[in-house]
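Contents: one structure, followed by commentary.
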Amino acid sequence: MKRRHCNVALAALLLAGSLPAALAQQAAAGKPTTILVVGDSLSAEYGVRRGAGWVSLLAERLQQKKVPARVINAGVSADTTAGGRSRLPGLLQQHQPDIVVIELGANDALRGLPLTTTRDNLSTMVRQSKEAGAKVLLVGMEMPPNYGARYTQEFRAVFQTVAKAESVPLVPFLMRNVADVPHAMELFQSDRIHPNEKAQPILLDNVWPALRKLLPA
């Protein structure tokens with residue numbers, strides 16, 4: 001029995017060496033990984049059936065893959081990075097997530113808010129999440145060409161700059177293969193802003209590769 005206990009302890013030590021301490025403890029105890037998604041209408045299932053949005057589909061995929069995880073959807077329609085920044089401390093305290101997915105910024109652009117403010121808010125959210133012991137995935141957005149080449153480039157660079165400065169992974173464009181395809185209108189609701197139900201699995205596929213790397217082995 002003593003030898004068996006030593007082997008178990010050794011396995012636990014090896015696991016702790018390959019994962020962050022918090023995730024290693026959870027894996028050893030069989031506890032689910034908590035994933036917090038802080039976003040806007042693109043995550044809040046705006047205009048689609050409840051349970052059909054990409055965040056809900058993420059929870060289903062994790063279950064199908066037998067990954068013990070709990071997904072918290074903290075998406076709020078029309079939210080900005082300032083709104084997310086103000087909400088985040090309470091969400092971190094309440095849910096104590098292991099992974100935080102930040103999907104915000106599009107409404108900043110739609111409202112013409114300064115890009116420096118967007119960048120600062122995103123940077124603060126990333127740092128707050130890391131200080132709370134969570135891994136962070138930043139989800140980028142892009143503006144349509146009618147905003148002008150310079151603005152679209154500068155807006156795209158906001159996410160790249162934050163991800164590089166804070167050393168966190170980045171999903172370059174949440175709506176890749178949705179907004180940038182010839183048949184894009186087939187994937188949008190009548191407002192031509194929000195992806196429809198058909199597009200939600202594509203959004204998940206855009207997020208999944210980067211998120212999968214943050215899950216415990």
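The values are calculated or read from the model by the stated rules, or taken from the named source; none is laboratory data. This structure is a prediction, so every number in the text was calculated from the model and none was measured. Neighbour counts run over all protein chains shown; Cβ positions are idealised from the backbone, glycine included.
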* **Pairs where the first residue, in the range 92-107, is in the same structural domain as Leu204 (by TED's automatic domain parsing) and the second is surrounded by 24 or more Cβ atoms within 10 Å (Cβ to Cβ) and of a type in the set (Ser, Thr, Tyr), C-beta under 6 Å, 6+ apart** => Val100/Ser129; Glu103/Ser43; Leu104/Thr81; Gly105/Thr81
* **Test set (1) more than 24 Å from Ser86 (Cα to Cα); (2) touching a strand residue (DSSP E or B) at 6+ places or on another chain (Cβ under 6 Å) - Glu197 fails condition number** => (2)
* Name the residue, out of Gly112, Gly90, Gly83, Gly105, that is surrounded by fewer than 15 Cβ atoms within 10 Å (Cβ to Cβ) and within 23 Å of Thr152 (Cα to Cα). => Gly112
* Name the pairs whose Cβ atoms lie under 8 Å apart, with the first residue in the range 32-44 and modelled with pLDDT under 95, the second in a loop (DSSP other than H, G, I, E, B) and buried (at least 24 other Cβ atoms within 10 Å of the Cβ), and 6 or more positions between them or separate chains? -> none
* For the range 183-192, indicate whether the set of residues that are in contact (Cβ under 8 Å) with a residue 24 or more places away in the chain, surrounded by 13 or more Cβ atoms within 10 Å (Cβ to Cβ) and part of a helix (DSSP H, G or I) is non-empty. => no
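Take the range 67-80 and flag every residue that is small (Gly, Ala, Ser), buried (at least 16 other Cβ atoms within 10 Å of the Cβ) and without any contact (Cβ under 8 Å) to a residue 60 or more places away in the chain. Steps first, answer last, please.
Restricting attention to the range 67-80, the residues satisfying the condition of being small (Gly, Ala, Ser) are 69, 74-75, 77-78.
With buried (at least 16 other Cβ atoms within 10 Å of the Cβ) added as a condition, the list becomes 69, 74-75.
If the condition is that a residue be small (Gly, Ala, Ser), buried (at least 16 other Cβ atoms within 10 Å of the Cβ) and without any contact (Cβ under 8 Å) to a residue 60 or more places away in the chain, then Ala74, Gly75 are the ones that fit.
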* **Enumeration of residues in the range 30-69 that are assigned to a helix (DSSP H, G or I) and either of a type in the set (A, V, I, L, M) or touching a His at 6+ places or on another chain (Cβ under 8 Å) (or both)** => Val55, Leu57, Leu58, Ala59, Leu62
* Select from the range 43-55 the residues that are surrounded by 24 or more Cβ atoms within 10 Å (Cβ to Cβ) and more than 16 Å from Val100 (Cα to Cα) and list them in ascending order. => Gly53
* Of all the residues that make up the range 147-171, how many are under 21 Å from Gly39 (Cβ atoms) and in contact with a strand residue (DSSP E or B) (Cβ under 9 Å, 6 or more places away or on another chain)? -> 9
* Restrict the check to the range 154-176 and report whether at least one residue is closer than 19 Å to Gly47 by Cβ and either part of a helix (DSSP H, G or I) or in contact (Cβ under 8 Å) with a residue 24 or more places away in the chain (or both). => yes
